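Student: Here it is: the structure, laid out below.
The values are calculated or read from the model by the stated rules, or taken from the named source; none is laboratory data. Treat the numbers as computed from the prediction; the structure is a model and nothing was measured. Cβ coordinates were reconstructed from backbone atoms using ideal geometry, including for glycine residues, and neighbour counts include every protein chain displayed. To get the accessible areas, we keep the full protein, side chains included, count just its heavy atoms, and leave off ligands, DNA and RNA. Shrake-Rupley method; radii C 1.70, N 1.55, O 1.52, S 1.80 Å.
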Amino acid sequence: MNRTLLFMSALALCGSSMLAQAYNLIPLPYKAEVSAATVVPLADEAGLSMEYRLYQGTDIQGLQASGLSSGEVKLAVCMPAADAASFAGNKITSLNIVTPPNAVDGRNANYVRDVTIFLSESRDGEPFYTQDAYLGLIAKTNVNVKLDTPYEIPADKELWFGYSFTLNRNIAVNQYYIANDGVPAANDNGSWAQLGGRWQSIAKYGSLLIGAEISGDNLPVDKASLIAIEGNSWAEQNRAYTFSVGVKNDGANELENAEIEYSLNDGTILTKTGTFETPVTTNGVGYISASLNCTEAGGQYPLSVKLTKVNGVEVSNGSVITKTIDCYSTGSVFMRKVLVEEGTGTWCGWCPGGMILLEQIKEKYNDGSAILVGVHSGDQMVTNSYSSFIDWAYSGFPQYTVNRQYTGGVTTSAEANFQRFQAMYDEVRATPAKAKIDLFLEWTSDDRNSVHAETQTIFANAGTGTYKVAFIVVEDGIGPYAQQNNYSGTPGFGKFSTGGSVVSTMYDDVARDIFSAFGLDGSAIVDPEAMNYYNYSYEVSLAKVSDISKTRIVAALLDSSSREVVNVVDVPLSNCSGLSDVEVADEQVSIRGEMGAVVVNGAAVTEVYTVAGARVATAYGEASINLPAGLYIVKADKVVKKVVVK
């Protein structure tokens with residue numbers, strides 16, 4: 001599960017490629033503000049002063065290496081040789097270190113206190129400078145550690161700086177001992193951690209909150225870099241697409257304006273100069289807004305942005321960043337539904353927080369845009385077929401995933417829990433789906449022990465990769481069972497607030513089975529074509545279902561590479577209405593699907609249903625019924641037929 005990363009070119013990089021992670025890295029599910037930012041003086045005895053840092057903003061997240069409870073932890077930032085050259089002859093006088101957050105004991109205490117700061121010429125080499133330091137008792141604070149001996153920066157070497165500490169149980173149980181900004185980084189330079197004796201990049205979780213204060217009389221001026229393209233990841237053909245790009249001031253003087261060049265898919269290079277309303281100080285970020293048209297559709301195209309001028313001064317080898325944009329034909333944009341899979345269990349005292357969250361989601365999003373699944377483990381409702389997903393998705397219970405793209409947890413505030421989910425929901429819904437999936441169900445036999453599930457998938461754009469379908473059997477009204485409860489006396493959690501340590505509970509949205517956790521092999525769609533239909537049929541067993549009237553089938557289209565949910569649909573078994581059981585032959589009635597319509601001859605009354613069972617049209621006599629592309633159930637008098645409209 002990851003977010004979109006922005007990639008930077010014309011930039012010097014440090015170290016080698018990212019090493020395999022040895023531990024499960026868990027980010028804190030929310031951010032906090034750094035409480036005491038270091039203010040760097042404009043001048044001192046050595047001349048001007050500025051801070052060199054690679055992280056963004058003043059917010060802190062926090063990261064934990066789950067399963068690691070002892071040994072040395074090293075955190076390092078690399079200043080590549082190209083950057084070092086611009087600071088050559090100036091001196092590093094101190095390091096700025098933000099203490100990590102503490103989300104456990106509620107006292108805002110810092111447990112990473114005694115550290116050793118270091119300077120080194122390489123990631124793996126022995127430091128040439130070390131100094132013991134004390135970071136204090138308060139979490140989320142920017143601490144300035146002055147070097148006993150300032151270090152003069154050479155012109156031809158990369159420089160690594162950071163700190164190390166010994167991980168003990170007191171630190172580990174307070175969880176979040178790596179301070180980072182939570183913004184996926186464009187490269188590894190600001191994001192190296194040595195855990196369990198192995199270096200690895202944590203760039204996808206953000207950059208470390210470590211900076212170096214540099215003083216001298218020859219600091220770089222009119223120096224900047226591009227850090228982010230903000231805007232939708234999609235555009236409609238020949239409609240204006242607007243975005244903004246962040247320009248970070250890497251120089252000692254203020255940034256008043258900057259010029260960018262940008263292009264999308266037709267190769268036309270456009271230019272925009274942005275003058276900032278307030279001059280941007282060192283390490284600050286200003287934004288330039290621009291727009292252009294997506295002239296071609298049916299694919300993914302790179303939006304490329306290059307920095308060309310800073311304060312009117314031309315930049316040689318200016319930084320370039322790109323963002324992939326899905327360009328859709330007008331009218332081919334599919335809305336994306338949200339699949340929430342919540343890990344839970346009767347034994348889990350904090351899991352009622354997840355149950356209340358699902359109730360809030362159900363109440364707020366009652367339009368069918370959110371599809372809920374409770375994934376039980378270790379209790380009477382355990383779903384063994386979900387075990388591989390549980391191992392992959394959850395680091396503990398309760399946790400939930402949103403389209404297998406984002407992961408969330410719960411706290412003792414029901415309001416805060418819902419707000420965090422809402423942010424993820426809005427993020428998912430803001431981007432159209434690559435594809436739409438429809439689901440049709442019909443009984444395979446009178447005993448109703450299984451159901452025939454047929455999906456039809458259509459992709460808005462041509463693409464590469466493999467996509468698979470998974471079917472989930474979900475049932476309501478299970479129980480009652482004894483639910484462990486840690487929310488007694490905590491307001492906002494319904495009956496769990498007023499109940500005791502154990503609460504008798506009925507369960508909805510219970511996953512009874514999944515076929516299969518990461519998609520069925522037979523359903524694979526490889527390198528899909530734009531606006532082409534892909535059909536797949538599967539017999540879904542209902543062996544674990546108690547009451548079919550309270551059961552629904554969920555069909556999820558999965559990206560096999562990322563395992564993310566591309567789109568999802570659910571249909572209750574009550575919609576196996578028997579329409580498809582009545583395939584009555586009648587030579588006088590003709591039903592066929594055409595481009596944009598269903599054509600019926602020889603029938604007195606025609607009704608058209610979606611595969612979810614909703615009636616969308618009624619016609620009388622000879623009829624040509626205009627409909628959007630998709631799979632429909634057409635009932636013309638006593639004749640029932642599945643029809644594809646192209």
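Student: Expressed as an acute angle from 0 to 90° and rounded to the nearest 10, what is the orientation of the C-alpha long axis of helix 351-364 relative to the principal long axis of the chain?
Tutor: 70
Student: I would also like to ask the following. What is the Cα centroid distance between the range 179-210 and the range 227-281, reported in whole angstrom?
Tutor: 26
Student: Relative contact order of the chain: what whole-number percent is it, with Cα pairs under 8 angstrom and at least 6 residues apart?
Tutor: With pairs under 8 Å counted, the relative contact order is 11 percent.
Student: I want to check the label-to-label distance for Glu277 and Thr324. Put each point 7 Å from Cα in the C-beta direction and report it in nm to one decimal.
Tutor: The answer from the label model is 3.5 nm.
Student: What is the set of long-range amide H partners of Thr411 at a cut-off below 5 Å, with H atoms built 1.01 Å from backbone N?
Tutor: Asn417
Student: Relative contact order of the range 476-611: what whole-number percent is it, with Cα pairs under 8 angstrom and at least 6 residues apart?
Tutor: 14
Student: What are the residues whose amide H is under 5 Å from the amide H of Gly182, where those residues sit 5 or more places off or on another chain and H is modelled from the backbone?
Tutor: Under 5 Å from the amide H of Gly182 lie the amide H atoms of Gln61, Gly62, Ser207, each far enough along the sequence or on another chain.
Student: Over the range 231-298, what relative contact order in percent results from Cα pairs under 8 Å that are six or more residues apart?
Tutor: 46
Student: Could you give the nm distance between label points at Asp114 and Ala82, where each point is 7 Å from its Cα heading toward the beta carbon?
Tutor: 4.2
Student: Ignoring ligands, DNA and RNA, how do Ser201, Ser289, Ser86 rank by accessible area with a 1.4 Å probe, largest first? The partial results should precede the final answer.
Tutor: Working: Ser201 0, Ser289 65, Ser86 35 Å².
Correct descending sequence by accessible area is Ser289, Ser86, Ser201.
Student: Tell me, how many Å apart are the Cα centres for the range 358-405 and for the range 119-142?
Tutor: What the calculation gives is 41 Å, centre to centre.
Student: Could you tell me which label, among (1) 1.10; (2) 0.98; (3) 1.04, carries the value of Rg/Rh (Cα atoms, Kirkwood Rh) calculated for this structure?
Tutor: Answer label, from the structure shown: (3).
Student: At a 10 angstrom cut-off on C-beta neighbours, averaged per residue, how do the peptides 547-560, 353-366 rank from highest to lowest?
Tutor: 547-560, 353-366
Student: Give me the percent of the accessible area of the chain that comes from carbon and sulfur atoms, probe 1.4 Å, all protein chains in place. Walk me through the numbers on the way to the answer.
Tutor: Values: 12760 of 27170 Å².
It is 47 percent, rounded to a whole number.
Student: Next up: Within the range 70-84, find all residues whose amide N lies under 18 Å from a label point positioned 7 Å from the Cα of Val313 along Cα-to-beta-carbon.
Tutor: 82-84
Student: Could you check the spin-label model distance between Thr411 and Phe518? Points 7 Å from the Cα along Cα→Cβ, value in nm.
Tutor: 3.3
Student: Could you rank Glu564, Glu158 by how accessible they are, 1.4 Å probe, largest area first?
Tutor: Descending accessible area places them as Glu158, Glu564.
Student: Cut-off 11 Å, label point 7 angstrom out along Cα-to-Cβ of Thr466: give me the residues of the range 540-567 whose amide nitrogen falls inside.
Tutor: 560-561
Student: Further question: Starting from 0.36 nm per residue, how many nanometres of slack lie between Glu296 and Arg169 once their C-alpha separation is accounted for?
Tutor: Working: separation 127, 0.36 × 127 = 45.72 nm, distance 5.67 nm.
Difference between extended and current length: 40.0 nm.
Student: R0 = 56 Å: FRET efficiency of Asn218 with Ser561, Cβ-based, nearest 0.05?
Tutor: FRET efficiency, Asn218 to Ser561: 0.70.
Student: A follow-up question, please. Using the Cβ atoms and a cut-off under 9 Å, what net charge is assigned to the surroundings of Thr308, where Lys and Arg are +1 and Asp and Glu are -1?
Tutor: Taking every other residue near Thr308 into account, the sum is -1.
Student: Expressed in nm to one decimal, what extension gain is obtained for the pair Trp392 and Asp547 from 0.36 nm per residue of sequence separation less their Cα-Cα distance?
Tutor: Residue separation times 0.36 nm, minus the Cα-Cα distance, leaves 52.8 nm.
Student: Non-local amide H neighbours of Trp234 (under 5 Å, H modeled in plane, Pro and chain starts lacking H): which ones?
Tutor: The list, which skips near neighbours in sequence, is Asp326.
Student: If you rank Asp509, Asp83, Asp59 by how much accessible surface each has, with a 1.4 Å probe, what is the order from largest down? If you can, show how the numbers build up before the last one.
Tutor: Values: Asp509 10, Asp83 35, Asp59 70 Å².
Of Asp509, Asp83, Asp59, the descending order of accessible area is Asp59, Asp83, Asp509.
Student: Gain in length, Met595 to Glu539, computed as 0.36 nm per residue apart minus the alpha-carbon separation, to one decimal in nm?
Tutor: Answer, rounded to one decimal: 17.2 nm.
Student: With all protein chains present, calculate the accessible area of Asp637 using a 1.4 Å probe and round the result to the nearest 10 Å².
Tutor: Approximately 60 Å² for this residue.
Student: What pairs from Lys204/Lys323; Lys74/Lys140; Lys436/Lys646; Lys140/Lys306 go past 24 Å between their alpha carbons?
Tutor: Exceeds cut-off: Lys140/Lys306.
Student: To the nearest 10 degrees, how steeply does helix 414-429 sit against the main Cα axis of the chain, on a 0 to 90 scale?
Tutor: Long axis of 414-429 versus the principal axis of the chain: about 80 degrees.
Student: Turning to a different aspect of this structure: 222 nm [θ] for the chain, helices only, -39500 (n - 2.57) per DSSP H run of 4+, per residue, to 500? Before the final figure, lay out each step's value.
Tutor: On the way: 6 runs with 51 residues, N = 646.
It lands at -2000 deg cm²/dmol.
Student: Something else: From the P(r) of the range 244-301, can you give the percent of Cα pairs sitting at distances over 12 Å?
Tutor: Within the range 244-301, distances greater than 12 Å cover 67 percent of Cα pairs.
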